[in-house]
Every structure is written in C-alpha cells, then in structure tokens.
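Here it is, the structure in full.
The values are calculated or read from the model by the stated rules, or taken from the named source; none is laboratory data. Just so it is clear, the structure is predicted and the values come from calculations on it, not from any experiment. Here the Cβ positions follow ideal geometry from the backbone for every residue, glycine too, while neighbour counts run over all protein chains shown.
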Amino acid sequence: MEATSHTFAGNARAGLANPVLRRALDMAGAGFPARRAEAIARLPEFDALRDEGKAIKDHTIGHLDFYLELYERQVTAAGGVVHWAPDAAAARAAVLGICRSVGAKTVTKGKSMVAEEIALNEHLEANGITPVETDLGEYIIQLRHEPPSHIIAPAIHLMKEQVEATFRAAHTALDPARPLAEAPLLCGEARAVLRPQFLTADVGITGANFLVAETGSSIIVTNEGNGDLTQTLPKVHIVITSIEKVVPTLEDAATLLRLLARSATGQEFSSYTTMSTGPRRPGDLDGPEQYHVVLVDNGRTALLGGEFQDMLRCLRCAACLNHCPVYTAVGGHAYGWVYPGPMGAVLTPALIGLDEAGDLPNASSFCGRCESVCPVRIPLPKMMRHWRERQFALRKAPAAYRYGLGLWAWVAQRPALYHALVEAKARLLGRLGRRRGRFRTMPLAGEWTRVRDMPAPEGRSFHALWAERGRARR
Amino acid sequence: MTARDDVLAAVRRGLGRGAVSDAVAAELTARVATHRRNLIPARAAALEPAARLRLFVDMAEAVQTTVARVSDAGDVPGEVARYLAAENLPAELAMAPDPALDALPWDARPLLRIRRGKSSPEDAVSLTPCLAAVAETGTLMLMSGERTPTTLNFLPDTHIVVVRSGQVVATYEDGWDLLRARGALPRTVNFITGPSRTGDIEQRIELGAHGPRRLHVILIDDGASEADGER
Amino acid sequence: MPSPPVRVALLVTCLVDLFRPSVGFAAIKLLEQAGCSVEVPRAQTCCGQPAYNSGDRLDAKAIARRVIAAFAGYDYVVAPSGSCAGMVKVHYPELFADEPETAARAHELATRTYELVSFLTEVRQVREVAARFDGAVTYHDSCSGLRELAIKAQPRQLLASVAGLNLRELPGAEICCGFGGTFAVKYADISDKMARDKVADIERLGARCVLAGDLGCLLQIAGKLSRSGSAVEARHVAEILADMAADTPPIGAPSA
C-alpha cells in the first residue's frame with residue numbers, strides 16, 4: 001500500500017474531525033482497556049508471566065538462526081515446505097508461485113498483518129488471482145478498499161451504519177428491503193456471503209501468531225473460526241509469517257498464549273487457538289494436501305543487535321494501541337501505513353524509513369501507558385526516543401525548532417544568564433497577565449494558545465525570590 | 001546465495017556472531033528436548049480432580065459453552081436428543097467416525113439420523129470426541145485424524161463435543177503431554193474455547209461469526225480422573 | 001539530642017521557577033515540617049528533559065552533567081514533579097550508559113532523588129499534614145510519576161489528612177492529559193483532544209479543584225479548563241498539603 005505516514009499531522013487532524021471515527025474510537029477507548037484489566041485481575045501470575053514471556057522471546061531472538069533452522073527441519077519432516085523471503089517482493093513472488101502451481105483462481109485469507117505489510121492482495125489481484133478476506137473486519141475494509149486501522153480489529157474505525165452501506169453496495173444480490181441495520185444481521189450477511197468462498201477457494205492463506213521450532217507447527221489465534229475454515233477447506237494452505245514469530249517449544253508457546261488473548265481482547269483465551277503441522281496425513285478425511293510457510297524477513301534482521309531489537313518481541317496483541325491516548329484520538333489510518341499506534345510508531349520507521357514515517361515516533365506525549373501494558377515489556381517510549389535521536393542527528397527536525405532548542409540548551413548551561421532571563425520573563429509575563437491570570441494569545445506560543453489558555457506566571461522567578469530571602473535572612 | 005542463506009546470514013550479522021557453536025547448539029537442543037514448563041498459573045494446577053472439573057465447567061460456561069453432565073456414557077444419545085429438541089434443531093447429526101462414539105447406544109434413539117464422516121456444508125449439527133479438556137480456561141482440545149476430521153469442528157452451526165471427566169486436565173501443558181504421548185503430531189490441533197464469535201462491528205460480541213454459534217459439551221462424569229485414567 | 005537535620009536539595013524544576021514559585025515554597029515548607037534542612041543549589045536550571053525527549057542527546061547529557069554536579073553532596077534531592085524526578089532517577093543512568101564514570105555518579109544521584117510527595121511518605125514517613133482545604137477535589141495522576149516512580153497512593157494518603165477536603169476519584173486519572181512537553185505544541189490538535197477528554201472527566205465530577213503533582217500537566221489542564229469556561233480550579237498538590245492555598249490564586253486565575 002501507498003504509505004501516507006509523512007502526512008501524519010494532516011491525517012490526524014482529519015481523524016479528529018471525523019464524527020464517525022470519534023464515536024467508534026470512543027467506544028474502543030473504553031472497552032478494550034476495561035476488559036484487559038478484568039482479565040488480568042483474574043490471573044495473579046500475569047506480571048510474572050510477562051517476565052517469562054519477555055525472557056522466552058529474548059532467548060529465541062538471541063538464537064534466532066538456530067531456532068529457524070530447527071523449525072524448518074521440522075516443517076520439512078512433517079511434509080511441509082518453507083520458503084525464505086528476504087524482502088516483500090520475494091514473499092509476494094513465493095505466494096504467487098505456489099498459487100500458480102495449482103492453477104489457483106481464488107484464495108481465501110485469514111487475517112495477516114504480514115500480508116498487509118507485503119501488500120499481498122494487490123499483487124495477487126494484479127496477477128489475476130482473487131483474494132477474499134474472511135475475517136469480518138478485514139472483509140469489510142477489503143470491500144471499502146481501505147487499509148486496516150487496528151492490528152486486531154481492522155474495521156474499528158467504522159460504525160454499523162457504514163458496514164451496512166458497504167454491504168448494500170457490494171452485495172448486489174441483496175434484497176434492498178431486507179433489514180440489515182443491526183450487528184447480528186450484518187454478521188449473518190457476511191457469514192452467508194463468505195461461506196461459499198471458503199468452500200470453493202483453491203488456496204487458503206493464513207498468518208501465524210507463533211511458530212514452534214520443536215514441532216515445526218504454526219499457531220493461529222482467532223475468534224471467528226475463519227482462519228480454520230481458510231486453512232482446512234482448500235487443497236493448499238499457505239502460512240505467511242515473519243521470522244521473529246518462532247519460539248522454541250510448545251511450553252513456550254503456552255506461556256505466550258496466556259499473555260496474548262488477555263492483552264488483546266481481555267479474553268481468557270481466544271475462541272480458536274489452532275496448531276498446524278504439515279499437510280493432511282494419509283487417511284485424514286479433510287485438510288489441505290499442501291502446507292507451505294513463507295518466512296519473511298523484510299527488515300527484521302536489520303533490527304537485530306541494535307537499539308530496536310526489543311521490538312522483535314512484539315506479539316501483535318494491540319494492547320499498546322488500545323491504551324494509547326494518541327491512537328484513540330486520531331485512529332489508525334492517521335499513521336499512514338500497516339502498523340499504527342505505539343508499536344507502529346517504532347516499527348514503521350524501521351520498515352519503510354524515517355523519511356516517510358518520521359512523524360510517528362514524535363507523535364507521543366511519552367505517557368508510557370503502552371509500555372506499562374505490553375505483555376512482553378517492550379520499552380516503546382524509549383525506542384521512539386531513539387528514533388528522535390536519529391532524526392536529530394540527521395537534522396530532520398525543522399530548522400527553527402532545532403535552533404530554538406539549541407539556544408535554550410546553551411542558556412540552560414549558563415545558570416546566571418538563565419536565572420536572569422527567567423526572572424525577566426516571569427516579571428514581564430506576570431505583569432501582563434496579572435489581571436486575567438492567563439493569556440488567550442501569546443507571541444511565540446501560538447500553537448499553545450490556539451487550543452488552550454496559557455496560565456500567567458506569578459510574577460517573580462523562584463530563584464530570584466529565594467535569593468532575596470537569603471539576603472533578608474542574613 | 002539462496003534466500004535462506006541470505007536471511008540466516010543477516011540474522012548472524014545482526015547478532016554479531018557466526019553460526020552457534022556445537023556446545024551452544026547442544027544446550028539449545030537440550031532445552032527443546034526437555035519440554036521444560038514455564039510458570040503454571042495456580043488457578044488450575046493446584047486443584048483436586050473434582051475441583052478441576054468444576055473449574056472446567058465454570059470457565060467453559062463463562063464463554064457461552066453449554067455443558068450437560070451425564071453420569072454414564074450410555075446417557076449421551078439421550079442428552080443429544082434432548083439438546084437438539086430443546087434448541088429446536090433437526091434430529092440429524094454429522095458424527096466423527098470414532099469407535100468410542102460408535103460404541104454409544106444410538107439404537108435407543110432411532111429418531112436421530114446419524115451420518116459418519118467429515119463435514120459437508122449442509123450439516124447443521126456435528127458430534128465429535130476430544131483429546132482433552134483444559135480446566136484453566138474451559139478449553140477443548142481436539143485433533144485431526146482419520147477418525148476426527150477437522151471440518152466437523154467448524155462447518156456446522158452447532159458443535160457437540162463428548163468429554164469424559166478423565167479427559168479434563170489442568171493446563172495446556174498437560175494437553176501437550178497427552179499429545180506427545182501419542183507419537184507423531186496430527187496435522188491440526190484445535191484449542192476451542194467457546195463458540196465462534198466476532199467483535200468486529202462496534203465491538204459488540206456476536207456469536208457464530210464463521211464457525212459454530214453453539215458449542216455444547218456433554219460431560220460424562222463417571223468419576224474417573226486423570227490420575228486413574230490417562231497416566 | 002535531636003538528630004542533625006537531613007540535608008535536602010530542592011530541584012525546583014524550570015516550570016515552577018518561571019510559572020509558580022509558590023509550589024517551590026510549599027515544597028520547602030513541607031520538607032522543613034518533615035525535619036529537613038532545605039537548600040536550593042543556584043547552579044540548577046532545568047533537568048534537560050526537553051532536549052532529551054527531542055532526541056538531542058548531546059545537550060541533554062551536557063545539562064545532566066551540570067545537574068549531577070550541582071546536586072552532589074546532599075543527603076537527598078527532591079523535586080515537586082514526578083517528571084523531573086523521573087528524568088534524574090530513571091533516565092540519567094540510561095543517558096550515560098556508555099560512560100561508566102558518569103553513569104556511576106548518575107546512579108548515585110538517582111538513589112538520592114525523589115519526587116516530593118513520595119519522599120515525604122516513603123523516606124520521611126509523613127502520615128498526615130496540618131492543612132485545611134474545604135470542598136471536593138480530584139487528583140490527576142501525572143504519567144511520569146505514576147509509571148516511572150509508582151506514585152499513586154502517596155498523594156492520596158496525605159490528602160486524606162487535609163481537613164475539610166473530600167477527594168473524588170477521577171475516572172481515567174491514569175490517562176495522559178496531553179501535555180507531554182513539546183508534544184503539546186508540536187501536535188497541538190492531538191494534545192487538545194486529550195485535554196478536552198481530561199477536562200470533560202473533571203467537569204463531570206463536580207469537584208471544586210483538580211490537583212496534580214506536576215506543573216506541566218497543570219498548565220495544560222488549567223489552560224484547557226479556563227479556555228472552556230470551566231470554574232474548576234487547578235493547583236499543585238503541594239500547595240494544599242502545605243496549607244498555602246490561601247496565599248496564591250489557583251493556576252491561571254487572576255490575582256485577587
């Protein structure tokens with residue numbers, strides 16, 4: 001997809017002014033955190049599990065080559081095929097090659113952020129293959145030709161009225177008189193329309209939440225069951241996933257699974273956690289005849305050994321989005337690419353470059369709520385700051401801002417001058433603001449006073465008053 | 001260089017080392033082979049079998065699984081008939097071709113029409129066994145195989161699962177042990193926790209998104225427990 | 001014989017210095033009541049957070065070095081701000097991770113540095129204050145204090161001892177007010193949305209006054225309250241605890 005991260009500020013303003021988005025996000029802003037908090041309150045070991053989850057991921061990442069090779073051996077032993085893809089183009093080519101090898105016309109898809117990342121649907125369409133998204137949210141946004149606005153709830157930016165209008169426009173066989181205004185009716189409509197697609201698709205593509213090196217298994221976590229139909233009914237199952245999803249053992253997967261659903265939706269466990277190992281076995285009555293795993297790097301190895309390595313722990317649970325006051329203010333589309341919210345603010349510059357995505361790590365008040373809810377304790381604010389450091393070193397910030405900051409820092413290292421200037425400023429602003437106690441407009445602070453008042457200083461600086469007291473005492 | 005070599009070389013470059021040494025590889029191989037358990041929540045691990053059973057039922061019901069307890073396997077056909085009638089469903093089943101299910105006294109319920117095999121799109125109701133049930137979260141553990149096709153778990157609108165009380169284990173890890181004890185892994189292992197659902201429209205939970213909208217467990221509470229059964 | 005008083009250096013913070021010296025004097029009063037002798041190193045200016053959060057690591061380090069020097073030798077360093085205390089306590093050691101010698105000094109300073117209210121309750125074991133403030137108030141948990149320094153119960157504990165004061169818990173008290181330093185002007189529209197939500201929550205509560213432990217948040221909240229025509233006052237929690245509310249009008253209010 002065409003990234004629009006470079007127009008983040010404008011995107012954000014559009015999001016803030018969009019009344020539908022406001023209603024949708026207000027709903028999300030309250031719901032997810034409350035459910036997560038309830039789930040965690042029921043599991044006293046949650047914080048200890050977070051430590052273990054972090055340790056498991058760190059251990060795996062530290063020995064990623066070993067576990068990837070073990071994983072590949074086990075997939076192969078189970079009759080599957082691993083396709084290594086250093087970049088998005090290689091990943092797209094691998095998927096297309098498999099589809100073509102079986103003469104596929106239609107593929108069904110479970111939700112996969114890696115597929116979004118490599119723009120798989122566009123590529124399949126351009127090559128005459130029809131991809132059908134089957135996760136309800138993904139299906140809705142596919143019909144609307146929109147990118148997802150959330151990594152686990154892709155249509156969270158919409159209200160049911162938009163969904164109804166979308167279905168009425170796309171489902172041409174739909175009787176206009178049929179009521180469709182409520183969520184259950186919309187779900188039923190999607191189920192009815194997608195069922196034949198599941199049954200006739202040539203290839204089913206899913207993502208993976210975890211890859212288990214010990215067994216060569218891929219694990220998906222869903223609630224709808226669409227992923228299971230996607231990977232069970234067609235004759236070919238392709239898993240599109242990325243290298244950092246691997247974990248050593250089933251036990252390690254269990255620990256991370258205990259963290260995932262609770263962090264994501266506040267469920268104890270998602271409805272369906274499905275482990276797939278190879279194609280159908282001799283004698284099996286159903287299941288795919290071929291099992292392929294497309295293992296994508298696409299910029300991840302570049303994070304190893306550097307200040308962003310911790311990002312590779314990410315489970316894609318979306319807790320950081322759900323708890324982010326910036327995300328819930330502007331919505332996911334403002335971030336302009338695949339991954340929004342705090343995890344996107346760290347990952348996106350790594351994957352598509354700081355020139356395109358430089359705004360994202362800046363658009364944070366560093367409130368730290370993301371880190372406080374991350375199931376694997378990724379220091380997201382710290383890494384956003386690291387991006388800012390790179391930008392500063394590359395002089396990416398506006399010149400006026402850089403010079404202003406430089407001047408301030410220069411003065412801040414000269415206490416006598418600093419104190420004199422603060423005292424002068426306190427006196428001046430204190431006098432000007434005494435009557436009202438605040439300023440409605442202020443030179444050089446236009447962006448502050450555009451949306452809120454600037455409280456007036458009391459009129460003297462602390463250090464000046466303290467010095468006078470000292471003199472009076474002596 | 002192949003793509004595989006590219007990626008692995010990039011990993012090693014990033015980690016600032018060559019391939020892992022034999023000694024480290026041996027350590028890692030041992031770590032994998034021991035299947036060491038991480039922290040297990042006390043919620044389920046510390047329970048006696050009867051309490052574990054209760055926890056399973058409570059957790060399952062909390063996610064809209066319905067549970068009927070029968071005291072004898074012979075009561076299963078009757079419970080199936082009762083459930084279908086109560087839910088106003090046709091007396092037709094797609095059943096897993098599983099000897100244990102076959103052995104149940106279906107003759108006593110001649111009005112139930114039973115078809116054995118994988119699921120077809122017309123099926124309204126399926127009946128399957130399971131490998132285990134996990135008390136921790138009220139989760140059913142099912143696996144694919146020649147007697148247990150996966151489609152039965154997902155295509156029909158109503159999925160009925162027969163669970164023997166001895167199959168109720170505490171944690172997922174107990175489930176992994178059962179799985180490993182069977183030898184080679186099946187193609188698919190399904191952990192199922194309640195019926196299919198979605199919150200994709202206005203975060204309102206709707207059941208029956210693509211999979212079954214009803215999940216009914218018939219729990220044969222025959223007093224057997226893990227201790228005298230599976231181990 | 002009373003033990004010699006604990007020597008505390010006040011980290012005034014740049015916002016208190018410029019906007020609201022009253023908070024500094026309230027802090028001194030509370031510290032003295034708690035048996036401390038308070039000094040104010042003249043060599044301090046700012047903790048360097050604006051540079052640090054803007055990615056200007058070099059200037060942040062230069063300023064931090066000066067802070068480390070200015071506050072050497074005191075028993076404790078106390079700031080009426082979770083944000084500035086967090087900068088010294090949490091971020092200085094990180095900042096010098098690649099300079100072992102300075103890192104050791106930064107660590108040493110970090111162990112002596114506290115936010116005011118948590119210093120009073122945790123180090124000085126203060127359980128109550130002699131203060132009166134009539135009416136319903138609410139408390140906003142500033143992000144740095146809450147998440148970097150675990151300041152949550154401490155201010156509530158002391159506020160409970162203020163005569164006449166009735167604390168109403170603010171829904172969403174742990175959600176950012178949208179200040180975030182330069183964030184407030186670089187992304188004014190987003191900051192504004194966060195402030196609007198915060199002010200709406202405060203308004204709904206019907207409290208007379210909103211309190212917080214950080215002047216940054218308070219400038220944001222007070223500025224938004226007055227811009228939206230609200231009568232709710234905003235004050236630093238130290239002013240109430242030191243019983244000095246009568247000495248100065250609320251933040252952003254005209255002098256009497």
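Within the range A:111-138, count every residue that is on the phi < 0 side of the Ramachandran plot and in a loop (DSSP other than H, G, I, E, B).
If we filter the range A:111-138 for residues that are on the phi < 0 side of the Ramachandran plot, which is where we start, we get A:111-118, A:120-127, A:129-138.
Still in the running and in a loop (DSSP other than H, G, I, E, B): A:111-112, A:118, A:127, A:129, A:134-135.
Within the range A:111-138, residues that are on the phi < 0 side of the Ramachandran plot and in a loop (DSSP other than H, G, I, E, B) number 7.
Which of the helices (runs of 4 or more DSSP H) contained wholly in the range A:1-108 include at least 2 residues that are closer than 30 Å to C:Ala195 by Cβ and out of contact with any strand residue (DSSP E or B) (no Cβ under 7 Å at 6 or more places or on another chain)? Step through it out loud before you land on a result.
Numbers: elements: A:8-16, A:19-41, A:46-62, A:64-77, A:88-101.
Hits in the range A:1-108: A:8-16, A:19-41.
Another question about this same structure. Give the residue, chosen from C:Glu32, C:Glu115, that is acidic (Asp, Glu) and more than 14 Å from chain A (Cβ to nearest Cβ). It would help to see each step written out before you state the result.
Working: C:Glu32 fails: more than 14 Å from chain A (Cβ to nearest Cβ).
Being acidic (Asp, Glu) and more than 14 Å from chain A (Cβ to nearest Cβ) holds for just one of C:Glu32, C:Glu115, which is C:Glu115.
I need the helices (runs of 4 or more DSSP H) fully contained in the range A:353-414, keeping only those with at least 3 residues that are surrounded by fewer than 16 Cβ atoms within 10 Å (Cβ to Cβ) and at the interface with chain C (Cβ under 10 Å from one of its Cβ atoms). Lay out the reasoning, then the answer.
Values: elements: A:354-357, A:369-373, A:380-393, A:399-412.
Result: A:399-412.
Additional query: Name the single residue, out of those in the range A:447-474 being under 20 Å from C:Val16 (Cβ atoms) and loosely packed, with under 15 Cβ neighbours inside 10 Å, that is modelled with the highest pLDDT.
Within the range A:447-474, the first condition is being under 20 Å from C:Val16 (Cβ atoms), and the residues that meet it are A:448, A:452-470.
Remaining after also requiring loosely packed, with under 15 Cβ neighbours inside 10 Å: A:468-470.
Details: A:Glu468: 95, A:Arg469: 90, A:Gly470: 84.
The selected residue is A:Glu468.
Continuing with the same structure: Do you know which residues across the range A:115-129 are out of contact with any helix residue (DSSP H, G or I) (no Cβ under 8 Å at 6 or more places or on another chain) and of a type in the set (A, V, I, L, M, F, W, C)? I'd like the intermediate steps shown before the answer.
Going through the range A:115-129, the residues out of contact with any helix residue (DSSP H, G or I) (no Cβ under 8 Å at 6 or more places or on another chain) turn out to be A:116, A:122, A:125-126, A:128.
Correct list: A:Ala126 only.
Another question, then. How about the range C:1-109: which strands (runs of 3 or more DSSP E) wholly inside it have at least 1 residues that are of a type in the set (Lys, Arg) and over 23 Å from C:Thr121 (Cα atoms)? Walk me through how you get there before you give the answer.
Details: elements: C:6-10, C:36-39, C:76-79.
Result: empty, no element qualifies.
So which pairs qualify, if the first residue must be in the range B:11-28 and more than 7 Å from chain A (Cβ to nearest Cβ), the second must be β-branched (Val, Ile, Thr), the Cβ gap must be under 8 Å, and the two must be at least 6 apart or on different chains?
As it stands, the answer is B:Arg13/A:Thr301, since those pairs meet every condition given.
To keep it simple, each residue is scored yes or no on (1) of a type in the set (Gly, Ala, Ser); (2) in contact with a Gly (Cβ under 9 Å, 6 or more places away or on another chain); (3) surrounded by fewer than 17 Cβ atoms within 10 Å (Cβ to Cβ).
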residue	(1), (2), (3)
B:Asp6	no, no, no
B:Gly16	yes, yes, yes
B:Ala33	yes, no, yes
B:Ala42	yes, no, yes
B:Phe56	no, yes, no
B:Arg69	no, no, yes
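Of everything in the range C:198-233, what is in a strand (DSSP E or B) and either of a type in the set (Lys, Arg) or closer than 17 Å to C:Asn166 by Cβ (or both)? Give them in sequence order. Walk me through it before giving the result.
Start the filter on the range C:198-233 by keeping residues that are in a strand (DSSP E or B), which leaves C:209-212, C:233.
Result: C:Cys209, C:Val210, C:Leu211, C:Glu233.
Filter the range C:24-44 down to the residues that are of a type outside the set (D, E, K, R), closer than 16 Å to A:Leu465 by Cβ and touching a residue at least 24 places away in the same chain (Cβ under 8 Å) and list them by number. Spell out how you get there, then give the answer.
Applying the first criterion (of a type outside the set (D, E, K, R)) to the range C:24-44 yields C:24-28, C:30-31, C:33-38, C:40-41, C:43-44.
Subset that is closer than 16 Å to A:Leu465 by Cβ: C:24-28, C:38, C:40-41, C:44.
Result: C:Gly24, C:Phe25, C:Ala26, C:Ala27, C:Val38, C:Val40, C:Pro41, C:Gln44.
Any chance the range A:148-159 includes a residue that's surrounded by fewer than 16 Cβ atoms within 10 Å (Cβ to Cβ), farther than 23 Å from A:Leu96 by Cβ and out of contact with any Phe, Trp or Tyr (no Cβ under 9 Å at 6 or more places or on another chain)? Steps first, answer last, please.
Here is the first cut: in the range A:148-159, the ones surrounded by fewer than 16 Cβ atoms within 10 Å (Cβ to Cβ) are none.
The answer is no, given that none of the residues of the range A:148-159 is surrounded by fewer than 16 Cβ atoms within 10 Å (Cβ to Cβ), farther than 23 Å from A:Leu96 by Cβ and out of contact with any Phe, Trp or Tyr (no Cβ under 9 Å at 6 or more places or on another chain).
For the range A:287-304, indicate whether the set of residues that are in contact (Cβ under 8 Å) with a residue 24 or more places away in the chain, of a type in the set (A, V, I, L, M, F, W, C) and part of a loop (DSSP other than H, G, I, E, B) is non-empty. Outline the logic, then answer.
If we filter the range A:287-304 for residues that are in contact (Cβ under 8 Å) with a residue 24 or more places away in the chain, which is where we start, we get A:287-304.
Retained after the next criterion (residues that are of a type in the set (A, V, I, L, M, F, W, C)): A:293-296, A:302-304.
Still in the running and part of a loop (DSSP other than H, G, I, E, B): A:304.
Looking for residues that are in contact (Cβ under 8 Å) with a residue 24 or more places away in the chain, of a type in the set (A, V, I, L, M, F, W, C) and part of a loop (DSSP other than H, G, I, E, B), one finds at least one in the range A:287-304, hence yes.
For A:Ser270, state whether it is of a type outside the set (Lys, Arg), within 10 Å of chain B (Cβ to nearest Cβ) and closer than 20 Å to A:Val114 by Cβ. Step through it out loud before you land on a result.
Details: of a type outside the set (Lys, Arg): yes; within 10 Å of chain B (Cβ to nearest Cβ): yes; closer than 20 Å to A:Val114 by Cβ: yes.
When the stated conditions are applied, A:Ser270 passes them.
Say we look at the range C:241-256 and pick out the residues that are part of a helix (DSSP H, G or I), surrounded by fewer than 24 Cβ atoms within 10 Å (Cβ to Cβ) and touching a helix residue (DSSP H, G or I) at 6+ places or on another chain (Cβ under 8 Å); which of these is modelled with the lowest pLDDT? Please lay out each step first, then the result.
Pass one, the range C:241-256, residues part of a helix (DSSP H, G or I): C:241, C:245-247.
Then keep just the ones that are surrounded by fewer than 24 Cβ atoms within 10 Å (Cβ to Cβ); that gives C:245-247.
Add one more test, that the residue is touching a helix residue (DSSP H, G or I) at 6+ places or on another chain (Cβ under 8 Å), and what stays is C:245, C:247.
Numbers: C:Ala245: 96, C:Asp247: 93.
Looking at residues that are part of a helix (DSSP H, G or I), surrounded by fewer than 24 Cβ atoms within 10 Å (Cβ to Cβ) and touching a helix residue (DSSP H, G or I) at 6+ places or on another chain (Cβ under 8 Å), I get C:Asp247.
Oh, and also: Filter the range A:159-188 down to the residues that are in contact with an Asp or Glu (Cβ under 9 Å, 6 or more places away or on another chain) and more than 10 Å from chain B (Cβ to nearest Cβ) and list them by number.
A:Phe167, A:His171, A:Leu174, A:Arg178, A:Leu180, A:Ala181
Looking at A:Ala48, is it surrounded by fewer than 17 Cβ atoms within 10 Å (Cβ to Cβ) and either facing another protein chain (nearest Cβ under 9 Å) or farther than 30 Å from A:Gln162 by Cα (or both)?
Values: surrounded by fewer than 17 Cβ atoms within 10 Å (Cβ to Cβ): yes; either facing another protein chain (nearest Cβ under 9 Å) or farther than 30 Å from A:Gln162 by Cα (or both): yes.
Considered against the rule, which asks whether it is surrounded by fewer than 17 Cβ atoms within 10 Å (Cβ to Cβ) and either facing another protein chain (nearest Cβ under 9 Å) or farther than 30 Å from A:Gln162 by Cα (or both), A:Ala48 comes out as yes.
Another question about this same structure. Could you check how many residues of the range B:29-41 are within 8 Å of another protein chain (Cβ to nearest Cβ) and in contact (Cβ under 8 Å) with a residue 60 or more places away in the chain?
Count: 3.
Residues of the range B:132-158 being in contact (Cβ under 8 Å) with a residue 60 or more places away in the chain, touching a Pro at 6+ places or on another chain (Cβ under 9 Å) and at the interface with chain A (Cβ under 9 Å from one of its Cβ atoms), which ones?
Residue satisfying the conditions is B:Glu136 alone.
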